[in-house]
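Here the structure is laid out as structure tokens; the discussion comes afterwards.
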Amino acid sequence: MSAFSAIGETGEIDANQFTPEQEPQPTWCPGCGDFAVLKSLKQAMPEVGRSPDEVLLVTGIGCSGKLNSYFESYGFHTLHGRSLPVARAAKLANPGIEVIAAGGDGDGYGIGGNHFMHTARENHDMVYIVFNNEVFGLTKGQSSPTSPKGHKSKTQPSGVAKDPIRPLSMALASGASYIARTAAVNPNQAKEILVEAIEHDGFAHIDFLTQCPTWNKDARQYVPYTDIQDSDDYDLDLTDRRAAADMMAETEAALYEGTVLTGRYYVDDDRPSYGQEKQNIGEMPETPLAERYFDDDYEWERSYDFIESYT
Amino acid sequence: MSSEDLIWRIAGGSGDGIDSTSRNFAKALMRSGLHVFTHRHYPSRIRGGHTYVEVRASDEPVHSRGDGYNFLLALGDSFARNEQPGAVYGNEEIKPLVENLDELREGGIIVYDSGLIDIEDIPDFDERVEENNWHVFPMDLRSLAREHGREVMRNTAGVGATAELVGIELGAFEELMEESFPDEILQPNLKVLHEAAAIVRDEFETDHELAVPESTHEEEQALVSGSDCVAFGALDEGCRFIAGYPMTPWTEVFTIMSGYLPQVGGISEQVEDEIAAAALAIGASHAGVKAMSGSSGGGFALMSEPLGLAEMTETPVVLIEAMRAGPSTGMPTKPEQGDLEHVLYTSQGDSSRVVFAPGTAAEAYEQTRKAFQIAYEYQLPTIVIIDQKLSGENINVPASFFDREPNPDLGNVPTEAELEDLPHDDVGKVKRFQYEVENGVNARPIPGQKGGRFLTTGNEHTEFGHISEDPQNRVIQMERRLEKLNIIRDELDEADDSHQSYYGPDDADYGIITWGSMQGAAVEAVDQLVAEGHDVKALNVSDLMPYPVAEVSEFLESVEQALIVEMNASAQFRGLTQKELGTYGEKLSSLLKFDGNPFEPGDIVEGFEVEIINDGTGPTQANTRIEPAVGD
Ligand SMILES: Cc1ncc(C[n+]2csc(CCOP(=O)(O)OP(=O)(O)O)c2C)c(N)n1
Ligand code: SF4
Ligand SMILES: [Mg+2]
């Protein structure tokens, strides 16, 4: 008997169940792309059959980090850049829960970049949504790791002298096993990608283009966009790592030239998730560790069991 | 007093197997009925640095390393390589002998490997031997080892010679070797052991007085270090998750836990950095598993923000801070108590954490357990401070000490049935941070529980976990979190066993106060001072936050003057004491040491005599510093 009966419970799930009752004052600006992430995430939930009590949404700090204020589930709003280490440990502690991490481009590709690389490397079975608005939203518009070269802000008055980071290529090089880009202006695609990402058994990275009308006024709204899976111009084999790398490089460069390419880039269904790898080498129990603390019959091991080698 | 303790120092290169040999040596003496204590000295190089371990054996309980030592087994450094004249590290081969002579007591014994060490290279050796009445036994341990086995068995040869010289039965070593060596290594080792003893018997005349003391234990003993005991305490509290990043000396606890956790169905994670390590422990704890992390100075600095997150979100977690000499990379393998203020105050905002600094291996076990109990009962981070000294010292503790009940309790975590009675909003979110709850502690559901979902955040938040900057809410939530510390202080004060330890005559006029790992040296110093006719007692403080105001005040009331002894340069614990007590400034002076070597009892005796008896006049011989009382 599980102590976590929300997990695996069957029954009708409605997107509205993910709307909180006591919604705090909205802090997102009108027209913000973040609303689209919220909406598509809510709509994905009935399709993956997960209820609010079996989802843990772990966020970073930024406008994007407020996601769990508006999404009804278990929610942990952590620190700037630190959603991933919190999230992946929760998944190891209880693989039964659905763990989703989310945050901004500054959060995930800048201050938390090291965790991004390593969480992808480890291939934890979770989804990571990066709200990529090419700017630091919450702190009022400074250039972010994805801001285009030359982007001006109060802390970069002469424009950024660096090329932007390549998020999709980074995810691929680091080891993510599902990599996609979607955009706030395309909520249907976003929902479908979220469903696939949640169902994928491994680290699923979604670079989610979210316009920030407040600080990126002249930036595009990410229209028109092209879904590379729907376009006749592209025929990408999602399991082909080299092809994916090329397509990612093209997509990343195109964005800054005004062409918005979106869709799936890489899917590796064969790579075991980190939890499976740990179990394979005998370093993670088959029964979720969290269950043990609720099992009154469990015979807890003691240090005394090992004392002989010290005597 | 009983007969003189044997203090045996085995010195060699840091790849020479000194650790395992000294461990077996200590274990053999422990099994033979003696009390043992080991002290390790090593440089932060893997190869080419010289290292030693001291094993002290006594017929009475030992609390510390001794002042100096009386038996040197100098193996010579088999990894010494650089033969260039003027090479940075000089002539490494003779260092295990040369560098250890200063502390060898009069009448002491030297066994050295004449296969590696040429006595001609050692300045004034004969004069010094004569002056100090040392007994010297040159033995070609290398050839002996090679003849019967392999060169590394020089260790065993040295042990055989030692045994013969001080009267230890070889059987004790044979037994240990049989337990740990496979047959093909066992046989040559046994040969080397016996052969070395025979050479001493047949080829040397002896007239030294040093002999191993005799004693018996009433029950079986275990040889454990401070790090072992931290790990044991964590395991017995049901900790099944650790995340870390290697850093000396924290690596020891991390390594021990990583060895046991897979055996008990737990999880150990070595991750990208210490920010991640602490964040993982928080994530695991949030998801319902008792979890820990830790580091040493610099790595602990990286944990600063996650530590604050645990305070703000009221997520239980236990962190270990294994101090080493700072600032910055400092002296990685040297002990110091310089991180006290760092641990107490790091992270933004007002802290709500609990900090213990155990003084002995046994206390490391008890206080690690208590740290878990408090973290989970009160939903806050607790920190156990150890240091390179406590973590690496081995001491005998009755094995039955560890025969305890495990405690996997998660604290105020409801079952799904209990969850139904908690206040929820209309949609079903739990009111996780209610103002009015017993001891300020709210029920903490675990993700996946039906009806338990809640929101938590490192931002200040409302009762429902929503971000809020409302002034009234802020004050109430802040006070609720901080009030837990007062309740914890009361709980600790009312407990049967105080974490503070006392030593010496109750009515003494003078006090020596230490914290954490300096306890043992103070105890031995008090023994020496009392034997010399001084009126002195010692207090060792382990509770650093919340501070044990009542206990320390009572101690200070009872003495005229007190000397606070700590291993740092700015008297951090004295500063904390004065801040917490707000008075007694004129009674408190400091004895400080920060040269990388822990206090030996003699350093404290000397400091006491200079400061308390001679009113601070006269310099100290040891590399220590006196800071007079503020009112002086
Ligand atoms: C350690 C730390 N550094 C800086 C900040 C300030 N800060 C908060 S959010 C943010 C950047 C937000 O940008 P992004 O991550 O892209 O999120 P967005 O607001 O655009 O969604 C910064 C710099 C912080 N909270 N913590
Ligand atoms: S500042 Fe930009 S990112 Fe933040 S809420 Fe407003 S529009 Fe959205
Ligand atoms: Mg951003």
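The values are calculated or read from the model by the stated rules, or taken from the named source; none is laboratory data. On a predicted model such as this, the values are computed, not experimentally measured, just so you know. Virtual Cβ from ideal backbone geometry, glycine too; neighbours counted across all protein chains shown. Quick note on the areas: whole protein, heavy atoms, side chains included, nothing else; ligands and nucleic acids left out. Shrake-Rupley method; radii C 1.70, N 1.55, O 1.52, S 1.80 Å.
Residue by residue through region A:116-144, note down the ones that are over 16 Å from A:V37 (Cβ atoms) and near ligand 3 (Cβ under 8 Å from one of its atoms).
The answer is A:F136, A:S144.
Out of the residues in region B:406-433 that are open to solvent by less than 30 Å² (accessible area, probe 1.4 Å) and small (G, A, S), state the one that is farthest from B:Q477 (Cα to Cα).
Result: B:G428.
Give just the number: which of (1) assigned to a strand (DSSP E or B); (2) facing chain A (nearest Cβ under 9 Å) does B:I242 not satisfy?
Of everything listed in (1) assigned to a strand (DSSP E or B); (2) facing chain A (nearest Cβ under 9 Å), B:I242 misses just condition (2).
Does region B:386-398 contain any residue that is of a type in the set (S, T, N, Q), outside any strand (DSSP E or B) and open to solvent by 20 Å² or more (accessible area, probe 1.4 Å)?
No.
List the number of the failed condition for A:P46; all other conditions in (1) within 13 Å of ligand 1 (Cβ to nearest atom); (2) in contact with a helix residue (DSSP H, G or I) (Cβ under 7 Å, 6 or more places away or on another chain) hold.
(1) is the only condition that A:P46 fails.
Go through the residues of region B:273-287 one by one and say whether even a single one is more than 7 Å from chain A (Cβ to nearest Cβ) and under 23 Å from B:R40 (Cβ atoms).
No, region B:273-287 contains no residue that is more than 7 Å from chain A (Cβ to nearest Cβ) and under 23 Å from B:R40 (Cβ atoms).
Each row is one residue, and each column tells you yes or no for (1) open to solvent by less than 20 Å² (accessible area, probe 1.4 Å); (2) in contact (Cβ under 8 Å) with a residue 40 or more places away in the chain.
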{"position": "A:I111", "(1), (2)": "no, no"}
{"position": "A:H118", "(1), (2)": "no, yes"}
{"position": "A:Q156", "(1), (2)": "no, no"}
{"position": "A:S174", "(1), (2)": "no, yes"}
{"position": "A:S177", "(1), (2)": "yes, yes"}
{"position": "A:I198", "(1), (2)": "yes, yes"}
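Restricting to region A:82-109, give me the number of residues that are among the basic types (K, R) and surrounded by fewer than 24 Cβ atoms within 10 Å (Cβ to Cβ). Outline the logic, then answer.
Taking region A:82-109 as the starting set, the residues that turn out to be among the basic types (K, R) are A:82, A:88, A:91.
Within this subset, residues satisfying the condition of being surrounded by fewer than 24 Cβ atoms within 10 Å (Cβ to Cβ) are none.
So the count comes out to 0.
Residues that are within 15 Å of ligand 1 (Cβ to nearest atom) and of a type outside the set (K, R): list the strands (runs of 3 or more DSSP E) wholly contained in region A:62-143 that include at least 3 such residues. Walk me through how you get there before you give the answer.
Values: elements: A:74-77, A:98-104, A:126-132.
It comes to A:98-104, A:126-132.
Would you confirm, using the coordinates I've provided, whether B:V343 is assigned by TED's automatic domain parsing to the domain that holds B:A277, open to solvent by less than 10 Å² (accessible area, probe 1.4 Å), outside any loop (DSSP other than H, G, I, E, B) and over 22 Å from B:D409 (Cα atoms)? Step through it out loud before you land on a result.
Details: assigned by TED's automatic domain parsing to the domain that holds B:A277: yes; open to solvent by less than 10 Å² (accessible area, probe 1.4 Å): yes; outside any loop (DSSP other than H, G, I, E, B): yes; over 22 Å from B:D409 (Cα atoms): yes.
Taking the combined requirement at face value, the residue satisfies it.
Restricting to region B:497-536, name every residue that is surrounded by fewer than 21 Cβ atoms within 10 Å (Cβ to Cβ), within 24 Å of the chain's Cα centre (by Cα) and either assigned to a loop (DSSP other than H, G, I, E, B) or on the phi > 0 side of the Ramachandran plot (or both).
B:D497, B:S498, B:Q500
Answer with yes or no whether A:I13 is away from chain B (no Cβ under 12 Å), open to solvent by less than 30 Å² (accessible area, probe 1.4 Å) and β-branched (V, I, T).
Numbers: away from chain B (no Cβ under 12 Å): yes; open to solvent by less than 30 Å² (accessible area, probe 1.4 Å): yes; β-branched (V, I, T): yes.
Considered against the rule, which asks whether it is away from chain B (no Cβ under 12 Å), open to solvent by less than 30 Å² (accessible area, probe 1.4 Å) and β-branched (V, I, T), A:I13 comes out as yes.
Keeping to region B:159-186, report how many residues are open to solvent by 20 Å² or more (accessible area, probe 1.4 Å), farther than 23 Å from B:T216 by Cα and without any contact (Cβ under 8 Å) to a residue 24 or more places away in the chain.
Looking only at that region, the number is 4.
Please enumerate the residues belonging to region A:93-115 that are within 14 Å of ligand 3 (Cβ to nearest atom) and of a type in the set (A, V, I, L, M, F, W, C). Give the derivation first.
Start the filter on region A:93-115 by keeping residues that are within 14 Å of ligand 3 (Cβ to nearest atom), which leaves A:102-113.
Result: A:A102, A:I111.
Filter region B:530-574 down to residues that are basic (K, R) and touching a residue at least 40 places away in the same chain (Cβ under 8 Å), then give me how many there are.
Here the count works out to 1.
Report, ordered by the first and then the second residue, all pairs with beta carbons closer than 6 Å, sequence separation of six or more or different chains, a first member in region A:55-68 that is at the interface with another protein chain (Cβ under 9 Å from one of its Cβ atoms), and a second member that is in a loop (DSSP other than H, G, I, E, B) and within 7 Å of ligand 1 (Cβ to nearest atom).
Note: pairs meeting the criteria are A:I61/A:H80.
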